[in-house]
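The numbers here are math on the coordinates, done by the rules we state, and not lab data. Keep in mind the model is a prediction, meaning the values are calculated, not measured. Because the Cβ atoms are built from the backbone with ideal geometry, glycine has one as well, and the counts that use them run over all protein chains shown.
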Amino acid sequence: MQRPTILVINPNTSQEMTAAIDRVGQATAGPQARVVTRCSERGPHTIEGPLDAALATAGMLELIGAYPEPFDAVVVACFGDPGVDALRLLVHVPVIGIGAASFTQAAFMSPRFAIVTPAVGTPERYAAVTASMGVRQSFLGTYQTEFSVVDFESGDPAVLETLVFHAQQAVKDGAECLLFGCAGIADQIRDIEERVGVPCIASVAAGVSQAMACLQHRQHPLPNGPFRRVKTKELLGFEALQRHYQGHE
């Protein structure tokens, strides 16, 4: 039986972060699935706010619209899950955002979980997301570091120490499971887990494992349904997406 292909997309343009995402994705899938990791070719180097997310979503849609090979699921490797709803209109396969996958997995594993984030982490947004997902009662809160997203690419030992400090604070406050609000916090996860003594979920691993779970139940392409409402109309620019707007799959 042919292994399914999971297309993991880093919506930003950072090659370093994409490499870290790929390492986690490959390790999570093992021999059960083929993981292909790509990053956007146009857009911001990192995603830190709604403007970055909007530009990154456009680049990601172009990338997937032009992707030439078949794939069985898409994982959006950004904790804010940018463009997930748009992608579900574009493709006929499951689309998983690593943020939602992480929240779900944490709620299954522990009655109390927390998020350690870069400086741009938004506690209000995470509180709203967990409430909408029905896991608000398990969400302890957000612990923000002073680092920007790009700092996680540096390899500076201070980055790991800061992550451990905030993780330890969350555990002292009662967290029994930890999430990390950036796909770039990947290579440090195991070190943090060993030092804080509670499960630490790598968001990319949560997304890929959720994609694999979806594929165990899916035998055929998803039909035209509630995730697909693109109507034929004129589209200016975005050459890779033209066929989707003209009714050609």
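Taking the C-alpha atoms only, the angle from helix 15-29 to the longest principal axis of the chain is near 90 degrees.
Each of 39, 182, 78 was scored by other Cβ atoms within 10 Å of its Cβ. Listed from fewest to most, they are 39, 182, 78. For residue 85 and residue 122, the FRET efficiency from 1/(1 + (r/R0)^6), where r spans their Cβ atoms and R0 equals 22 Å, is about 0.75.
In the range 33-166, Rg over Rh equals 0.98, where Rg is the alpha-carbon radius of gyration and Rh the Kirkwood radius from pairwise Cα distances. Nearest 0.05, what FRET efficiency do residue 108 and residue 236 give at R0 = 41 Å with Cβ-Cβ as r? In this case the efficiency is close to 0.40. Listing 22, 173 from fewest to most neighbouring C-beta atoms within 10 Å gives 173, 22. FRET efficiency for the residue 66 to residue 23 pair, using the beta carbon distance and R₀ = 22 Å, is estimated at 0.30.
Each peptide among 41-49, 205-213 gets the average number of other Cβ atoms lying within 10 Å of its residues, and from highest to lowest they stand as 205-213, 41-49.
Extension gain, residue 213-residue 34: 0.36 nm per intervening residue step, less the Cα-Cα distance, totals 63.0 nm. Taking the Kirkwood radius as Rh and the Cα radius of gyration as Rg, the chain has a ratio of Rg/Rh equal to 0.97.
Compared with the dominant principal axis of the Cα atoms in the chain, helix 157-172 is inclined by about 70°. Helix 98-109 and the long axis of the chain differ in direction by around 50°, with both axes built from C-alpha atoms.
Semi-axes of the equivalent ellipsoid for the range 103-202, computed as √(5λ) from the eigenvalues of its C-alpha gyration tensor and ordered from largest down, come to 21, 15, 11 Å.
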